[in-house]
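Trainee: Okay, handing you the structure first.
The values are calculated or read from the model by the stated rules, or taken from the named source; none is laboratory data. As the structure is a computational prediction, the values presented were derived from the model and not from experiment. When we count neighbours, we look across all protein chains shown, and the Cβ atoms used for this are built from the backbone with ideal geometry, even at glycine.
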Amino acid sequence: MSSANFPECLAITLASEGGLSLERTDPGNWTGGKVGKGTLKGTKYGISAAAFPALDIANLTLDDVRPIYKARYWDETGGDTLPSGFDLAVFDYAVNSGPVRALRDAQTVIGTPADGKFGPATRAKAATAGVREIKALCAKRLSFMRSLAIWKTYGKGWSARVAKIEAKAVAMALRARPGTDVKAALADEAGKAEKTAGTLRKAGAAIAVSASGGAGTGAVLPAQPNLAVLGGLMLAGLALAVILAVKALRAKQRAEAYRIVSAQQ
């Protein structure tokens, strides 16, 4: 188990958290949890005004936030009893989106009732969580993030963070397996993600060309096409092309994250 992993996991998470942010469009920076509601106190070291409205956010120090992270996020998600790597994936998710949501998705991944509470059943099932569960949890985390209204503003940065956390968490899980060539395994993950990105890019480009009028595709249109139907098909095709482009970007970010972590081994 990973009782000694809190310092490493905290350091990884804090590397993604900046100094004081007073961005007005971020609901987490407001004590009321919504833009314009309450006081704009901001976020510092990942500690937000929305989650901790009574704190003096601007003057927080690292010594102030360590016990907060330990009690509020690590202990609440059973960090000391989770396997290496899976603990990081759950912990970092909890910091961003709250322990309850992180635990619910973690429970869904490991196959226990998703009640957002860390109990004996969750502890027992989580004990065998490894690389597959880490990837699945990071995918669910990103899916949740895409549903947020501010995804368009912060999405690229969020997906890059999740990719980094996935790669580092997988590295931790692989290091816990005696005899594993961690560097090679991570490089292999990078290669697979890069291949996926290329496939998605090509598919998206082909669909975009087809949706924009079929130029170069050999498509044959009816002599008197139904313009409403044709327009709907074009919009649907373009929407699908955008979705594939976003997935390609996600795969590229994962490939880059795995390459970086592989080089660090």
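Trainee: May I ask you to list the residues in the stretch 7-26 that are surrounded by fewer than 20 Cβ atoms within 10 Å (Cβ to Cβ), of a type outside the set (V, I, T) and outside any loop (DSSP other than H, G, I, E, B)?
Mentor: Hits for the stretch 7-26 are P7, E8, A11, L14, A15, S16, S21.
Trainee: Also, quick follow-up: Count, please, the residues in the stretch 1-16 that happen to be in contact with a Leu (Cβ under 8 Å, 6 or more places away or on another chain) and either free of Cβ contacts under 8 Å to residues at least 24 places away in the same chain or among the small types (G, A, S) (or both).
Mentor: 1
Trainee: Next question. Could you please find all residues in the stretch 1-48 being of a type in the set (A, V, I, L, M) and either out of contact with any helix residue (DSSP H, G or I) (no Cβ under 6 Å at 6 or more places or on another chain) or over 24 Å from I165 (Cα atoms) (or both)?
Mentor: Correct list: A4, A11, L14, A15, L22, V35, L40.
Trainee: What single numbered condition from (1) of a type in the set (G, A, S); (2) surrounded by fewer than 17 Cβ atoms within 10 Å (Cβ to Cβ); (3) modelled with pLDDT of 70 or more; (4) more than 29 Å from A173 (Cβ to Cβ) fails to hold for G191?
Mentor: Condition (4) is where G191 drops out.
Trainee: For the condition at positive phi, touching a strand residue (DSSP E or B) at 6+ places or on another chain (Cβ under 9 Å), free of Cβ contacts under 8 Å to residues at least 40 places away in the same chain and not basic (K, R), what is the one hit in G19, G111, G36?
Mentor: Selected residue: G36, the only one of G19, G111, G36 that is at positive phi, touching a strand residue (DSSP E or B) at 6+ places or on another chain (Cβ under 9 Å), free of Cβ contacts under 8 Å to residues at least 40 places away in the same chain and not basic (K, R).
Trainee: Quick one: in the stretch 77-111, which of the residues that are of a type in the set (S, T, Y) and surrounded by fewer than 18 Cβ atoms within 10 Å (Cβ to Cβ) is farthest from L10 (Cα to Cα)?
Mentor: Here the answer is T108.
Trainee: Restricting to the stretch 130-150, give me the number of residues that are closer than 30 Å to D26 by Cβ, basic (K, R) and either at pLDDT 95 or above or not in a helix (DSSP H, G or I) (or both).
Mentor: 3
Trainee: Here is a follow-up. If I ask for residues that are of a type in the set (F, W, Y) and more than 22 Å from the chain's Cα centre (by Cα), which ones from the stretch 48-103 would you list?
Mentor: Across the stretch 48-103, the qualifying residue is only F52.
Trainee: Would you confirm, using the coordinates I've provided, whether G38 is surrounded by 12 or more Cβ atoms within 10 Å (Cβ to Cβ) and either farther than 20 Å from Y93 by Cα or under 22 Å from the mean Cα position of the chain (by Cα) (or both)?
Mentor: So G38 fits the description; yes.
Trainee: Among the numbered criteria (1) under 19 Å from the mean Cα position of the chain (by Cα); (2) touching a residue at least 40 places away in the same chain (Cβ under 8 Å), which one does A127 miss?
Mentor: (1) is the only condition that A127 fails.
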